[in-house]
Amino acid sequence: MQVPTISEECVGAFKTPDTLAAIFHTDGHQVTVAKVLPATTTWEDFIHSLSSTDVAWAIINIRYVTTNGGKRLKHCWLSWIPEGFKRASTKETVAVKFMSPMVLSSLRLKCAGHAEHGFHHHAGTMEGMLFDDLLERVSKFERDPIDPASVKAFIEGNPSF
């Protein structure tokens, strides 16, 4: 199975300001934008917008403020393979799962200009999408404490910037 090409609309979705996330799907030949969620989308609504039966990828724009007023926008590249994901044959299921990291790498390279922009997160269950876990990863090298009010506002779809 060959890695699908990345459509130009994916690059546009990545560069769209004021979004919470862009979710991508593939038909096996090309990766396209499935939906773009505005920054006013709640974290719970974002999680529920992920398919429970099909593979997807997303760029999540995580926004928070530090206690000294520093505004942060961190990118999380999500590879979503739902628990229990299956295709018509075991061979096809394995091929799609094997291809998923390569698609994510291609997305990162095409959209951000290099594969190391942001961090990668793999999940397949709702428990794998706990916001506190993602926040801990994006803020790993943060010198100042994070303002809890900005995190609460972000989760509720009211980002502070």
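The values are calculated or read from the model by the stated rules, or taken from the named source; none is laboratory data. Quick caveat: nothing in here was measured; it's all calculated off a predicted structure. Every residue, glycine as well, gets a Cβ built from its backbone with ideal geometry; the counts of neighbours run over all protein chains shown. For accessibility, only protein heavy atoms count, side chains too; no ligands or nucleic acids. Shrake-Rupley method; radii C 1.70, N 1.55, O 1.52, S 1.80 Å.
When THR26 is tested against (1) at pLDDT 95 or above; (2) open to solvent by 20 Å² or more (accessible area, probe 1.4 Å), just one condition goes unmet, and that condition is (1). Only one entry in THR41, THR53 is in contact (Cβ under 8 Å) with a residue 24 or more places away in the chain, open to solvent by 60 Å² or more (accessible area, probe 1.4 Å) and assigned to a loop (DSSP other than H, G, I, E, B), namely THR53.
Considering every residue within segment 152-161, establish whether at least one is hydrophobic (A, V, I, L, M, F, W, C) and part of a strand (DSSP E or B).
No, that holds for no residue.
Within segment 58-73, being in contact (Cβ under 8 Å) with a residue 12 or more places away in the chain and open to solvent by less than 70 Å² (accessible area, probe 1.4 Å) holds for ALA58, ILE59, ILE60, ASN61, ILE62, ARG63, TYR64, VAL65, THR66, GLY70, ARG72. Here VAL36 passes the criteria (1) open to solvent by 50 Å² or more (accessible area, probe 1.4 Å); (2) of a type outside the set (Asp, Glu); (3) under 25 Å from ALA153 (Cα atoms); (4) over 13 Å from the mean Cα position of the chain (by Cα) except the one numbered (4). Looking only at residues in segment 74-96 that are out of contact with any helix residue (DSSP H, G or I) (no Cβ under 8 Å at 6 or more places or on another chain) and open to solvent by 90 Å² or more (accessible area, probe 1.4 Å), the one that is nearest to GLU136 (Cα to Cα) is GLU83.
A quick yes/no check of all residues on (1) under 24 Å from GLU9 (Cβ atoms); (2) among the small types (Gly, Ala, Ser); (3) free of Cβ contacts under 8 Å to residues at least 60 places away in the same chain; (4) touching a His at 6+ places or on another chain (Cβ under 9 Å):
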site: ARG87; (1), (2), (3), (4): no, no, yes, no
site: PRO101; (1), (2), (3), (4): yes, no, yes, yes
site: LEU104; (1), (2), (3), (4): yes, no, yes, yes
site: LEU107; (1), (2), (3), (4): yes, no, no, no
site: LYS110; (1), (2), (3), (4): yes, no, no, no
site: HIS120; (1), (2), (3), (4): yes, no, yes, no
site: GLY124; (1), (2), (3), (4): no, yes, yes, no
site: MET129; (1), (2), (3), (4): no, no, no, yes
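Scanning segment 6-23 for residues that are open to solvent by less than 40 Å² (accessible area, probe 1.4 Å), among the β-branched types (Val, Ile, Thr) and either outside any helix (DSSP H, G or I) or at positive phi (or both) yields a total of 3.
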